[in-house]
Amino acid sequence: MSAETSESSVPKRRNILVLLPLLAFLALAALFYFRLGAGDTSLIPSALIGHSAPKTDLPPLAGLERDGKAVPGLSNATFTGAVTLVNVWASWCIPCRDEVVFLEQLSKDKRIQIVGINYKDAAADARRFIGRYGNPYVANGVDVNGRTSIDWGVYGVPENLLIGRDGRIAYKLVGPVTADNLERVLRPEIEKALAKN
């Protein structure tokens, strides 16, 4: 091998070595995009599905009423014998505002109950939110420090978990209830939960 050939191959190897980290980064970015970013985040599986609802004992939101009666806090007894949709929400959550209309629609179905977990919120702000957007909840617990929501496997707000009559988590919807996922996913999951004894 001549000295010229040897010297010209050194810059080529350097160029390849410089490009390797860039290519590795692009490959990882593409993987993350297709596995996390481009997919439907509402399909993120929950390890809690099929398991009993976590121990829950949350105080009520002071001053919150529905139909002239104080709305109670949230405990595991709330889920006993009823198909329940647990909505994790906060007044500072923009998508939570948009989903209230769909939760109100669901609350008219007397075969199920809608309950809320108010996540890391100021009580006055939460009451204002309910006063402005509506109150679909028969019970609502205040999770001031977010610990109970972590036990429920919550990634962020809003999230909705469907609990069967047996107190087990049947389904989890990450993100807000929308017109599309209400009809395409949530109502069928509710019907499945109602069909179980």
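The values are calculated or read from the model by the stated rules, or taken from the named source; none is laboratory data. In this text the structure is predicted, and so the values were computed from the model without any measurement. Reconstructed Cβ throughout: ideal geometry from the backbone, glycine too, with neighbour counts over all protein chains shown.
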*Output the number of the condition that N145 fails; it satisfies all remaining conditions of (1) polar (S, T, N, Q); (2) exposed (fewer than 14 other Cβ atoms within 10 Å of the Cβ); (3) not in a loop (DSSP other than H, G, I, E, B).*
(3)
*Name the one entry in V115, V100 that is touching a residue at least 40 places away in the same chain (Cβ under 8 Å) and buried (at least 19 other Cβ atoms within 10 Å of the Cβ).*
V115
*Find the residue count for the stretch 175-188, including only residues that are touching a strand residue (DSSP E or B) at 6+ places or on another chain (Cβ under 8 Å) and either buried (at least 20 other Cβ atoms within 10 Å of the Cβ) or closer than 16 Å to Q105 by Cα (or both).*
4
_Boolean, A139 is modelled with pLDDT of 95 or more, assigned by TED's automatic domain parsing to the domain that holds W92 and farther than 20 Å from D57 by Cα_ = no
_Going by what's in this entry, would L162 be described as modelled with pLDDT of 95 or more and either outside the structural domain of P54 (by TED's automatic domain parsing) or more than 16 Å from G81 (Cβ to Cβ) (or both)?_
no
*Can you name every residue in the stretch 118-142 that is in a strand (DSSP E or B) and under 15 Å from L161 (Cα atoms)?*
N118, Y119, A139, N140, G141
*Collect the residues in the stretch 152-170 that are in contact with a Gly (Cβ under 9 Å, 6 or more places away or on another chain), part of a strand (DSSP E or B) and buried (at least 19 other Cβ atoms within 10 Å of the Cβ), keeping them in residue-number order.*
E159, N160, L161, I169, A170
*Any residue in the stretch 79-93 that's modelled with pLDDT under 95 and crowded, with 24+ Cβ neighbours inside 10 Å: show its pairings with residues that are assigned to a loop (DSSP other than H, G, I, E, B) and not acidic (D, E) at Cβ separation under 6 Å, as long as the two are six or more apart or on different chains.*
F79/A53; F79/G167
